[in-house]
Amino acid sequence: KINVGVLGATGMVGQRYIKLLENHPWFKVTYVAASPRSAGKLYKQAVENRWLIGSDIPDDVKDLTVQDANNADLAVGKCRFVFSALEMGKDEIKALEAAYAQKGIPVVSNASANRWTEDVPMLIPEINWNHIDVIEAQKEHHGWDKGFIAVKPNCSLQTYMMPLYALQQAGYPVKRMIVTTLQAVSGAGYPGVSSFDMIDNIVPYIGGEEEKTEKECLKILGSVKDGKIENAAFPVVSSTCTRVPVIDGHTATVNLEFDLPEDKKPSLEEIINVWRNFSSVPQELDLPSAPKHPIVYREEINRPQPKRDRDTEKGMACVLGRLRKCNVFDVKFVALSHNTKRGAALGGILNAELLKAKGFFN
Ligand code: NAP
């Protein structure tokens, strides 16, 4: 197995990494790091009273000593690459991720700091697996030998990216979309939004989230050109992001308009067929965390629901339902994605599996 580290291992996403990597067929956690507040403690002490995963801390991690994530030197020789789940200022994370890459340690990141760096791929492996081609240019730009940075997009847009891309691939490009997200509290980390603000309430604002939901899709649908990623021009997205009293699972309502003449637009049945038959490179490569069915469409009129559907395909499927005609655009539907699994840790693990399968950790 390949030895891996987790930066931010004590946080909401970091804990998911620790649990999801238990018994992983390719990767083994040998290094954990967090803030200076946790550094020097055994992992089990550092997460005492804030272990949020519903089962025990894995045996091979609980007695590891937490290191200071700010010192990349400490990780050298301890792990082949790191997952980054740090919550710090953007500039600090950018500098820190570069420091690990500089030391020859690739970084597979969940943080937003490098999402707009033009030679850093922002991966959803079913969609833009080929953006890993930009990594050679990235290494060249920095003079990095083995190290590099690859990131994940924001968790909220994972609700609609896969159905959007599947339609585009089937010859049904989308011109405009209106997205309203209903995002789980775990998306804000721990302790996150106060219970007083969250119980019996909806908060109609999440700082920075609407910009991410509207823009990141353009990079993901872009292409690698001249050593950087060139953004796509469409779709134009208008979003409203809200926080709702759900623990895990981001839901979104989506209205979309096709970039096609009226007689070429797909019927509802054709759309559902496209979604149900969608499969891509992670499935072809049989990556350990790849869902068999990346998109699951449910017929029941009252689904998807976070409580019932977030763990579909181990939390890696995009679960859709309620596809119907829209009186303003063409069609509308409801989408759901597990924010700390597909949207964070397990999505990051799938990115690392793709990179490993393509020889990037050799
Ligand atoms: P979190 O629960 O607040 O955890 C933050 C982690 O960062 C902890 O391990 C913390 O260590 C560490 N940290 C904080 N300040 C630090 C410092 N000065 N130096 C070194 N380490 C420091 O946050 P989270 O929700 O897990 O999010 C982690 C990252 O994933 C963020 O960048 C977030 O934007 C991204 N993300 C989150 C989600 C989600 O659904 N939650 C989804 C997608 C992406 P201590 O425990 O020692 O303080």
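The values are calculated or read from the model by the stated rules, or taken from the named source; none is laboratory data. The model shown is predicted, which means the values in this text are computed figures rather than measured ones. For neighbour counting, all protein chains shown are included, and Cβ atoms are generated from backbone atoms with ideal geometry for every residue, glycine included. Side chains are part of the model used for accessible areas, which takes the heavy atoms of the whole protein and leaves out ligands, DNA and RNA. Shrake-Rupley method; radii C 1.70, N 1.55, O 1.52, S 1.80 Å.
Data for the structure
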read-out: Extreme residue, farthest from N277 (Cα to Cα), among residues of the stretch 171-182 that are touching a residue at least 40 places away in the same chain (Cβ under 8 Å) and assigned to a loop (DSSP other than H, G, I, E, B); value: P173
read-out: Of the criteria (1) under 16 Å from Y160 (Cβ atoms); (2) of a type in the set (A, V, I, L, M, F, W, C); (3) in contact (Cβ under 8 Å) with a residue 24 or more places away in the chain, which one V224 fails; value: (1)
read-out: Within the stretch 310-339, tally of residues that are in a helix (DSSP H, G or I) and hydroxyl-bearing (S, T, Y); value: 1
read-out: Options K28, K94: the member that is within 13 Å of the ligand (Cβ to nearest atom), under 28 Å from V134 (Cα atoms) and within 24 Å of the chain's Cα centre (by Cα); value: K94
read-out: Only listed residue being farther than 16 Å from Q15 by Cβ, open to solvent by less than 70 Å² (accessible area, probe 1.4 Å) and either without any contact (Cβ under 8 Å) to a residue 40 or more places away in the chain or in contact with a strand residue (DSSP E or B) (Cβ under 9 Å, 6 or more places away or on another chain) (or both), chosen from I93, I53; value: I93
read-out: Residues that are of a type in the set (A, V, I, L, M) and open to solvent by 40 Å² or more (accessible area, probe 1.4 Å), drawn from the stretch 1-40; value: L20
read-out: Unique match (being under 20 Å from L123 (Cα atoms), in contact with a helix residue (DSSP H, G or I) (Cβ under 9 Å, 6 or more places away or on another chain) and either of a type outside the set (D, E, K, R) or modelled with pLDDT of 95 or more (or both)) among G189, G222; value: G222
read-out: Selected residue (criterion: least open to solvent (accessible area, probe 1.4 Å)) from residues of the stretch 68-86 that are more than 15 Å from the chain's Cα centre (by Cα) and within 10 Å of the ligand (Cβ to nearest atom); value: A69
read-out: Long-range neighbours under 6 Å by Cβ, at least six apart or interchain, first residue closer than 15 Å to M88 by Cβ within the stretch 99-119, second assigned to a loop (DSSP other than H, G, I, E, B) and β-branched (V, I, T); value: N114/V120
read-out: Flag for I271 being in a strand (DSSP E or B), open to solvent by less than 80 Å² (accessible area, probe 1.4 Å) and of a type in the set (A, V, I, L, M, F, W, C); value: no
read-out: So S112, is it open to solvent by 10 Å² or more (accessible area, probe 1.4 Å), within 11 Å of the ligand (Cβ to nearest atom), closer than 21 Å to S156 by Cα and among the hydroxyl-bearing types (S, T, Y); value: yes
read-out: In the stretch 315-346, the residues that are more than 16 Å from the ligand (Cβ to nearest atom) and open to solvent by 10 Å² or more (accessible area, probe 1.4 Å); value: R322, L323, R324, K325, C326, N327, V328, F329, D330, K332, V334
read-out: Residue that is nearest to E126 (Cα to Cα), among those in the stretch 293-309 that are assigned to a helix (DSSP H, G or I) and in contact with a strand residue (DSSP E or B) (Cβ under 7 Å, 6 or more places away or on another chain); value: D309
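Let's see how each residue does on (1) away from the ligand (no atom under 16 Å from the Cβ); (2) of a type outside the set (D, E); (3) exposed (fewer than 13 other Cβ atoms within 10 Å of the Cβ):
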position	(1), (2), (3)
V185	no, yes, no
A188	no, yes, no
D200	yes, no, yes
I206	no, yes, no
K215	no, yes, no
I220	no, yes, no
K225	yes, yes, yes
F234	yes, yes, no
V244	no, yes, no
